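Q: Submitted below is the structure of interest, expressed as structure tokens.
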Amino acid sequence: MTVFVGLLIGNETWELQERSVKSIRSAHPEQAIVIYYSLDKDSILSTLSGLGVEAVDLGRPEMLNAISPSKYSLYNSFDFNIKSSFKWIALLEAMKSKSDDAIFIDADIKVLSAIPLASFGKIWKAYDILVQDEGSHIFPKHPCTGFMGFKYCETNITLLETLHKEQCAAIISGEGQHDQATFYKHISGCIDVYKKVYFLSQVMFPVGYMGPIYARFKPATEATKRKRDPILFHANWTIGIKAKAALMDAFHEAESGQ
């Protein structure tokens with residue numbers, strides 16, 4: 001059974017993570033969910049337990065000692081880059097402990113309908129990795145590492161170890177590299193890895209700038225022969241915890257017909 005993975009370093013993002021986990025559990029009542037955390041408040045853990053989530057304490061290892069566990073970090077800041085480097089560790093540990101495929105879901109992602117795991121299984125027969133596509137008609141395909149899946153295999157275990165080491169090296173050298181930059185830089189420089197990456201359809205797995213899809217925008221000229229509602233809502237391209245939480249709540253209301 002594919003395991004869903006999350007990362008909760010610092011308490012501020014819990015406002016988002018709770019919404020995300022509840023949406024995942026609603027769409028997938030029996031699916032394994034593991035959250036890797038480093039917190040200074042234990043009350044969060046009881047909520048995770050009530051949602052049937054396995055919580056794994058990261059403690060304060062390695063580079064986490066350099067930042068406050070309760071400080072929210074802005075995108076591409078020093079703290080953000082350190083925190084996001086543990087995304088590779090979370091995926092790696094989940095994959096090894098469960099001996100199964102792993103899908104990472106960022107705290108600001110709300111699942112709107114069941115993730116098509118059967119279809120993912122077919123993709124993984126030909127590819128090792130699946131990821132959101134943040135490309136456009138201006139930019140080429142570009143991975144958004146907020147939602148990505150790794151097939152359980154030795155190649156991916158080695159890759160995740162490598163990505164963590166490469167990101168940590170970039171942070172220490174002052175390069176200022178977050179997880180998405182690390183991933184894109186690695187696959188861009190390694191064709192053998194790049195050709196094993198499957199970019200998910202932006203219609204079904206859109207990123208934040210694709211607002212018209214989220215609003216169910218359907219011009220009169222658009223054919224509506226097939227279902228086109230997105231699987232998830234990703235509140236990236238939105239700044240601040242409160243703004244992201246408000247958008248996630250708005251989609252709950254939209255789904256409820258309000």
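Q: Give me the distance in nm between label points sitting 7 Å out from Cα along the Cα-to-Cβ direction at K22 and T162, one decimal.
A: So the two model labels end up 4.1 nm from each other.
Q: Residue by residue through the stretch 27-40, what is 3J(HN,Hα) from phi via Karplus (6.51 cos²θ - 1.76 cosθ + 1.60, θ = phi - 60°)? Round to whole Hz and write x for glycine and proline.
A: Residue by residue, the stretch 27-40 yields 7, 9, x, 10, 6, 6, 10, 10, 10, 8, 9, 9, 10, 10 Hz.
Q: Highest mean first, how do 232-244, 11-23, 128-140, 185-197 rank when packing is the count of other Cβ atoms within 10 Å averaged over residues? Numbers along the way, then the final one.
A: Details: 232-244: 18.1, 11-23: 20.5, 128-140: 16.1, 185-197: 14.0.
The packing order, highest mean first, is 11-23, 232-244, 128-140, 185-197.
Q: Continuing with the same structure: I191 to D42: extension gain in nm, 0.36 nm per residue of separation minus the Cα-Cα distance? If you can, show how the numbers build up before the last one.
A: Numbers: separation 149, 0.36 × 149 = 53.64 nm, distance 4.39 nm.
Fully extending the segment from I191 to D42 adds 49.3 nm.
Q: Using Cα positions and a limit of under 19 Å, work out the aspartates and glutamates in reach of K96, with same-chain residues fewer than 8 apart set aside.
A: Of all the aspartates and glutamates, those that pass the test against K96 - Cα under 19 Å, at least 8 places apart if same chain - are E54, D57, D128, E154, E161.
Q: What dipole magnitude, in Debye to the nearest 20, does the stretch 3-255 give about its Cα centre under +1 on Lys/Arg Cβ and -1 on Asp/Glu Cβ?
A: On the way: 27 positive and 29 negative charges, 173 e Å.
With only Lys, Arg, Asp and Glu charged at Cβ, the dipole is about 820 debye.
Q: Sticking with this one: What ranking do 94-101, 107-114 get when scored by the average of other Cβ atoms within 10 Å per residue, highest first? All intermediate terms of the calculation are to be shown ahead of the outcome.
A: Values: 94-101: 16.8, 107-114: 21.1.
Output ranking for 94-101, 107-114: 107-114, 94-101.
Q: Only Cα pairs under 8 Å and at least 6 apart count here; give the relative contact order of the stretch 1-95 as a rounded whole percent. Intermediate results must be reported in sequence, preceding the final value.
A: Working: 118 pairs, mean separation 33.3, N = 95.
Dividing the mean separation by the residue count of the stretch 1-95 yields 35 percent.
Q: Starting from the alpha-carbon convex hull of the stretch 1-116, give the projected area averaged over all orientations, in nm².
A: Details: hull surface 27.3 nm².
Projected area, direction-averaged: 6.8 nm².
Q: Take the alpha carbon atoms of the stretch 83-160, find their center, do the same for the stretch 167-191, and report the distance between the two centers in whole angstrom.
A: 17
Q: For the chain, what does the relative contact order come out to in percent, with C-alpha contacts under 8 Å and a separation of six or more?
A: Values: 418 pairs, mean separation 56.3, N = 258.
Computed over the chain, the figure is 22 percent.
Q: Another one. From the alpha carbon gyration tensor of the chain, can you work out the equivalent ellipsoid semi-axes (sqrt of 5 times each eigenvalue) and give them in Å, largest to smallest?
A: 27, 23, 19
Q: Go ahead and set up a Gaussian network model of the chain, Cα springs under 10 Å, then flag whichever of V207, V56, V34 fluctuates most.
A: Judging by the Gaussian network model, the answer is V56.
Read the figures in this text as sums done on the coordinates, not as results from a lab. What you see is a predicted model, and the numbers here were worked out from it, not measured in a lab. We place every Cβ from the backbone using ideal geometry, glycine too, and count neighbours over all the protein chains shown.
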